[in-house]
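The structure's right below; bear with me while I get my questions together.
The values are calculated or read from the model by the stated rules, or taken from the named source; none is laboratory data. Source: prediction; values computed, not measured. Cβ: placed from backbone, ideal geometry, glycine included. Neighbour counts: every protein chain shown.
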Amino acid sequence: MISKNLVAASTKPIILALLYREESYGYQILQRIRRVAGGRLAWSSPMLYPVLHRLEKEGFIRSKWRLSEEGRMRKYYALTERGRKEFAAEREQWLSVHEALTSLWAAAEGTD
Amino acid sequence: MFDLEKSMRDWKKEMRSNPSLEETFITELEESLRDDVRGLVRQGISEEEAFRRVAAEMGRPEDVGAEFHKVYTRRRSGRPSWRVPRFFPALAWDYVRVAVRKIKRQKFGALISLSGLAVGLTAAILIFLWVRDELGYDRFLADRDHLYLLTIEHPNGILDPNVPYALAPALAREYPEIRQYSRIYRLGAISTCSFAYEPESGPKAMSYETSVCLVDPDFFSMFSFPFVGGDREAALRNPDSIVIRDEAARKYFGDENPVGKRLTFNNRQDLVVSGVIRIPPNAHLRPDFVAPLPNPLVSDWNWRDPSYVLLDPKTSLPSFRKKIAGSLNLNMPQPLPGNFKVGLLPVADVHLGFGRRTYVALFSLVAVFILAIACINYMNLATARSGSRSREVGLRKVVGAGRAQLIRQFLGEALVMSALAFGLALALAQLLLPFLNGLTGKSLTLFGGGPFVAGSLLGLMILVGITAGIYPAFFLSARRPAEALRTSPGITPRRSLFRILSVVGQFTISVLLIACTLAVFRQMEYVRTRPLGLNTDQVLQVRNNPSLVRNFDGFKQDLLLDPRILSVTRGQGAPYDEDYKTPSVEWDGKDPALKPLVRYSVTDFDLFETFGMEFSSGRSFSASLPGDRINYVINESAAAYMNLKEPVGARLKFMGQEGRIIGVVKDFHQVSLHREILPQVFTINPRFYGAIRYVFVKIAAGGLPQALEAVREKAEKYAPDYPFEAVFLDRGPASLYESEIRLGKIFAALAFLAIFISGLGILGLAAYSVEQRTKEIGVRKVLGSSVAGIVGRLSKPFTLWILAANLVAWPVAHLAMDRWMRGFAYRAGLGLDIFVAAGLISVLAAAIPVAYQSIKAAFSDPVKALRYE
């Protein structure tokens, strides 16, 4: 299980990454995360929606109501230009953390 | 049958109850919910079960709403705008207004609460200042962590701060753990020390000094007294050097710089001032003059003064203590009977180490007690008048106040009260501080203690506010609005258990303090009036000096020519004011296994006559028999101890000098009544005369001032080169009980405070109880009740409470005072009367306010009472 703090910190890059290729809606986002992380990332709907709203308020994503195939109104989210930049920046940050950790772990195991 | 659409509608309705959730948010969530349900149904779960699960996962509208609210609100706390805030700034003024209105309407109760708190706080502040000062002794010493006083634990458990002079050097030779040591040879305590300074111009300054110490060379590197002048390293290097305390220096040198100046000691030895030290106010060791020991004293096993050692910081203390514990008898040429254990006392503990700690603990406890009494008063009065505030509470709750908010309001009121009381207490403490300083000989100040004292006092204020306010706050805020609004004000649970217990507790403490005060006074009275076996009335104690020593015979003869002068003698001190012991005593038929430790007095002819001491057999020293110089007088205890059938005429060898016992004097109290009477030997052998400090002159009754003048004239005639200094011993041994008398006075003051505050509380409670029962009293009067009957009815509960308090307090007081009295070898004992008296005082303190209130009520016009409201 991934710790609560880490889950909270990673919501933003994960959502940005999921919406990078194509727009999506809440339920789909949850499903895709479940597929990718295989249940190790416990996301729930009451947690996801406020985060989506926050990202929209901050201008990284925008939403649009559209009719779904079932004939119901559904709110789709897509990345804005700012969101794309933020995606790159987040990626940069996470990669540098990842690199630092990888080399540290390699060093730690090497000394054994 | 489960209907998804209906469940969805219900769910949406529920969600709409939260103002944070806008309709579009709910629609979005609804879609998510539907997707989830579909997904689960596809997995083969029934629609009903799927909905239940997903809806549960979504959570309650408040929680979901709060999350959304946090996204959109600009408030940092994220608290939704429809929730009751913790604090309404707009209500603050209202709180103040209501509180002021209540105080105005119940001036009496508020005054009682306030004055109780103020008096309690005053006592607590003063005690706090004193305790802090007591606990802060010797903090200024740089090496305090490694500096120790050598102590000896006697076989009877008494801890002796004095050790033989030869002990410290012997230990230092044997144990490398001891880095440095210094004996403090208190020269001023055993012989006359006078100093004189002759300036190039102006009169000679000369005076006697008692705080004169001879020390080892390491003294000033062990004790870091600040040097105001001179050099610490070189201060004791020269045998003729002397270090002087700044206050003493002023007496001789005025504004001149003393360093390098010449001081003449006893008119025969010139010393050069090599340094001036300042002694911080709380140092336990306070020498005025410090000079190097002229003699190493390495084989002197006399036992009169303290010795200090500085240990290597790496020393393991427990094992070092074990090593030295038995070292006394190992080193002494003549081992002592029993197990005398050498010990180490950290220098910072010396001040409190000899019985004082108990007083510090005791007074701290009493301060807490008195504050508790004051807080209880506040609680009682606040809850007693809660009736008058129940409508306010009810109304506040109706318009939306939460319990927490009310608790904060009432706590706030208590804090404000405590702040007011604290202001009053500060003023009172400032007024009383000079008295406290006079009583304790300290120079405490309220504001000189720095941030720690200021912070602690502030903390105390807040603590008192919270302690006093917490119970009323919970009690008042707990009322249910419907009930609070329905019942008329003034009807409260009449005798809550809490109130009974708290009044009983208050009076228990008060009775305890009163009983202790009475016991201390009784013991002091006993000590004062007990026949001591000697009489100090009209005895003048004249400071001896080398010229008087030389011319003593002439001086004495000359004095006796005056008919007002009855007898003249001299000695180390008054018989009750000296404490010298020696193991060096041999007598005929002494059991060789017996290792005595015998008190002795070096004195002169006419000692027993001057102090009115009686003989049980034999005779006194006689000036007409020169052989008496090597003869001895012993006391009855010594005769019993030596097991002599025929003591008079028996041979006795004292410090190597053989002589005969010529008389047995009746036992007298040698030190204070704390200690039992010990075997004692009196000698008038000139061999021991170095230690004569005083001449004692017994004067006939009447005309004391003229007789004093006559003595002065003669003394100045025989010792023109020394100042004349004399005091009457009229207070006699009472001076030995200074600390107990002081204790008694302080206890009396505290007991008075306790009973005063408790009485105030009772007064307040009685007033409210009468107020509540106004109608009842009116009805009773109309139906023919007598005034006495009503007074009795009203005072009955209070009487019962006070009696209960006495029942609790008596055994506790008995236990405590019995222990205290055991500190005296001779004690007055604790009679029942002490407790009865304490009980009566407490009943009186409660009865006066209760009677006042009830009589007032009983005499009131029933018509008025019944029309009331």
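Look at B:Trp820 and say whether it is among the aromatic types (Phe, Trp, Tyr), under 38 Å from the mean Cα position of the chain (by Cα) and modelled with pLDDT of 85 or more.
Numbers: among the aromatic types (Phe, Trp, Tyr): yes; under 38 Å from the mean Cα position of the chain (by Cα): yes; modelled with pLDDT of 85 or more: no.
In short, no.
Let me ask something additional. Name the strands (runs of 3 or more DSSP E) wholly within the stretch B:523-610 that hold at least 1 residues that are of a type outside the set (Gly, Ala, Ser) and under 24 Å from B:Gly338 (Cα atoms)?
Working: elements: B:539-543, B:565-571, B:580-582, B:585-587, B:598-602.
Result: B:580-582, B:585-587, B:598-602.
Which one of B:Ala429, B:Ala419 is buried (at least 17 other Cβ atoms within 10 Å of the Cβ) and either at pLDDT 90 or above or part of a loop (DSSP other than H, G, I, E, B) (or both)?
Working: B:Ala419 fails: buried (at least 17 other Cβ atoms within 10 Å of the Cβ).
Only one candidate passes the filter, namely B:Ala429.
Let me ask something else about it. When both residues are 6+ apart or on different chains and their Cβ atoms are under 6 Å apart, which pairs have a first residue that lies in the stretch A:62-87 and is within 12 Å of chain B (Cβ to nearest Cβ), and a second that is surrounded by 11 or more Cβ atoms within 10 Å (Cβ to Cβ) and small (Gly, Ala, Ser)?
As it stands, the answer is A:Arg74/A:Ser68; A:Lys75/A:Ser63; A:Tyr77/A:Ser63, since those pairs meet every condition given.
Being surrounded by fewer than 16 Cβ atoms within 10 Å (Cβ to Cβ), under 14 Å from B:Arg396 (Cα atoms) and modelled with pLDDT of 80 or more is the filter here, so list the residues in the stretch B:91-105 that pass it.
Correct list: B:Asp94 only.
Can you tell me how many residues within the stretch B:520-533 are over 14 Å from B:Leu750 (Cβ atoms) and either hydrophobic (A, V, I, L, M, F, W, C) or crowded, with 24+ Cβ neighbours inside 10 Å (or both)? Spell out how you get there, then give the answer.
Taking the stretch B:520-533 and keeping what is over 14 Å from B:Leu750 (Cβ atoms), we get B:522-533.
Narrowing the set further to residues that are either hydrophobic (A, V, I, L, M, F, W, C) or crowded, with 24+ Cβ neighbours inside 10 Å (or both) leaves B:523-524, B:527, B:532.
Counting residues in the stretch B:520-533 that are over 14 Å from B:Leu750 (Cβ atoms) and either hydrophobic (A, V, I, L, M, F, W, C) or crowded, with 24+ Cβ neighbours inside 10 Å (or both) gives 4.
Does the stretch A:44-60 contain any residue that is more than 14 Å from chain B (Cβ to nearest Cβ) and either surrounded by 11 or more Cβ atoms within 10 Å (Cβ to Cβ) or in contact with a His (Cβ under 7 Å, 6 or more places away or on another chain) (or both)?
Taking the stretch A:44-60 and keeping what is more than 14 Å from chain B (Cβ to nearest Cβ), we get none.
No, the stretch A:44-60 contains no residue that is more than 14 Å from chain B (Cβ to nearest Cβ) and either surrounded by 11 or more Cβ atoms within 10 Å (Cβ to Cβ) or in contact with a His (Cβ under 7 Å, 6 or more places away or on another chain) (or both).
List every residue pair whose Cβ atoms sit under 7 Å apart, with the two residues 6 or more apart in sequence or on different chains, where the first one lies in the stretch B:16-29 and is away from chain A (no Cβ under 11 Å) and closer than 13 Å to B:Arg60 by Cα and the second, anywhere, is assigned to a helix (DSSP H, G or I) and not β-branched (Val, Ile, Thr).
B:Ser17/B:Pro61; B:Asn18/B:Pro61; B:Asn18/B:Glu62; B:Asn18/B:Gly65
In addition: Filter the stretch B:30-75 for residues that are within 21 Å of B:Met1 (Cβ to Cβ) and basic (Lys, Arg) and give the result.
The answer is B:Arg34, B:Arg38, B:Arg42, B:Arg52, B:Arg53.
B:Trp801: surrounded by 21 or more Cβ atoms within 10 Å (Cβ to Cβ), among the aromatic types (Phe, Trp, Tyr) and out of contact with any Gly (no Cβ under 6 Å at 6 or more places or on another chain), yes or no? Don't jump to the end; show me each part of the working.
Details: surrounded by 21 or more Cβ atoms within 10 Å (Cβ to Cβ): yes; among the aromatic types (Phe, Trp, Tyr): yes; out of contact with any Gly (no Cβ under 6 Å at 6 or more places or on another chain): yes.
Yes; evaluated as a whole, the condition is true for this residue.
Can you tell me which of (1) of a type in the set (A, V, I, L, M); (2) within 14 Å of another protein chain (Cβ to nearest Cβ); (3) over 23 Å from A:Ser68 (Cα atoms); (4) without any contact (Cβ under 8 Å) to a residue 12 or more places away in the chain is the one B:Val41 doesn't meet?
In the conditions (1) of a type in the set (A, V, I, L, M); (2) within 14 Å of another protein chain (Cβ to nearest Cβ); (3) over 23 Å from A:Ser68 (Cα atoms); (4) without any contact (Cβ under 8 Å) to a residue 12 or more places away in the chain, B:Val41 misses (3) alone.
Going residue by residue through the stretch B:291-302, is there one that turns out to be within 30 Å of B:Gly229 (Cβ to Cβ) and touching a helix residue (DSSP H, G or I) at 6+ places or on another chain (Cβ under 6 Å)?
So far as the stretch B:291-302 goes, no, none of its residues is within 30 Å of B:Gly229 (Cβ to Cβ) and touching a helix residue (DSSP H, G or I) at 6+ places or on another chain (Cβ under 6 Å).
Follow-up. Give me the pairs: first residue in the stretch B:736-751 and of a type in the set (A, V, I, L, M), second residue outside any helix (DSSP H, G or I), beta-carbon distance under 6 Å, and six or more apart or on different chains, which are they?
Listed by first residue and then by second, the contacts come to B:Leu736/B:Ser672.
State all residues of the stretch B:145-158 that are in contact with a helix residue (DSSP H, G or I) (Cβ under 7 Å, 6 or more places away or on another chain) and closer than 15 Å to B:Gly326 by Cα; if no residue qualifies, say none.
Passing the criteria: B:Leu150, B:Ile152.
Sticking with this structure for a sec: Count, please, the residues in the stretch B:129-150 that happen to be in a helix (DSSP H, G or I) and surrounded by fewer than 20 Cβ atoms within 10 Å (Cβ to Cβ).
5
Provide a single number: the residues in the stretch B:52-72 that are free of Cβ contacts under 8 Å to residues at least 24 places away in the same chain and either more than 11 Å from chain A (Cβ to nearest Cβ) or small (Gly, Ala, Ser) (or both).
Of the residues in that region, 4 qualify.
If a residue has to be modelled with pLDDT under 90, part of a strand (DSSP E or B) and surrounded by fewer than 17 Cβ atoms within 10 Å (Cβ to Cβ) to count, how many in the stretch A:65-90 make the cut?
Residues in the stretch A:65-90 being modelled with pLDDT under 90, part of a strand (DSSP E or B) and surrounded by fewer than 17 Cβ atoms within 10 Å (Cβ to Cβ): 4 in total.
Is it fair to say B:Ile466 is modelled with pLDDT of 90 or more and farther than 30 Å from B:Lys745 by Cα? Lay out the reasoning, then the answer.
Details: modelled with pLDDT of 90 or more: yes; farther than 30 Å from B:Lys745 by Cα: yes.
Answer is yes for this residue.
Still on this structure, I have one more. Any residue that is within 14 Å of chain B (Cβ to nearest Cβ) and at pLDDT below 85 - is there at least one of those in the stretch A:26-40?
Taking every residue of the stretch A:26-40 in turn, at least one turns out to be within 14 Å of chain B (Cβ to nearest Cβ) and at pLDDT below 85.
Here's another thing I want to ask about it. Take the residues in the stretch A:1-20 that are touching a Leu at 6+ places or on another chain (Cβ under 9 Å) and at pLDDT 85 or above; name whichever of them is surrounded by the fewest Cβ atoms within 10 Å (Cβ to Cβ).
A:Tyr20
Residue-wise test of (1) without any contact (Cβ under 8 Å) to a residue 60 or more places away in the chain; (2) touching a strand residue (DSSP E or B) at 6+ places or on another chain (Cβ under 6 Å); (3) more than 20 Å from B:Ile407 (Cα to Cα); (4) small (Gly, Ala, Ser).
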| residue | (1), (2), (3), (4) |
| --- | --- |
| B:Leu424 | no, no, yes, no |
| B:Leu439 | no, no, yes, no |
| B:Phe447 | yes, no, yes, no |
| B:Ser456 | no, no, yes, yes |
| B:Thr467 | no, no, no, no |
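Also, I was wondering about something else. Any residue in the stretch B:255-281 that is surrounded by fewer than 17 Cβ atoms within 10 Å (Cβ to Cβ) sitting within a Cβ distance under 9 Å of a residue that is assigned to a strand (DSSP E or B) and basic (Lys, Arg)? List the pairs, counting only those 6 or more apart or interchain.
From the stretch B:255-281, the pairs are B:Asp270/B:Arg262; B:Val272/B:Arg262; B:Arg278/B:Arg245.
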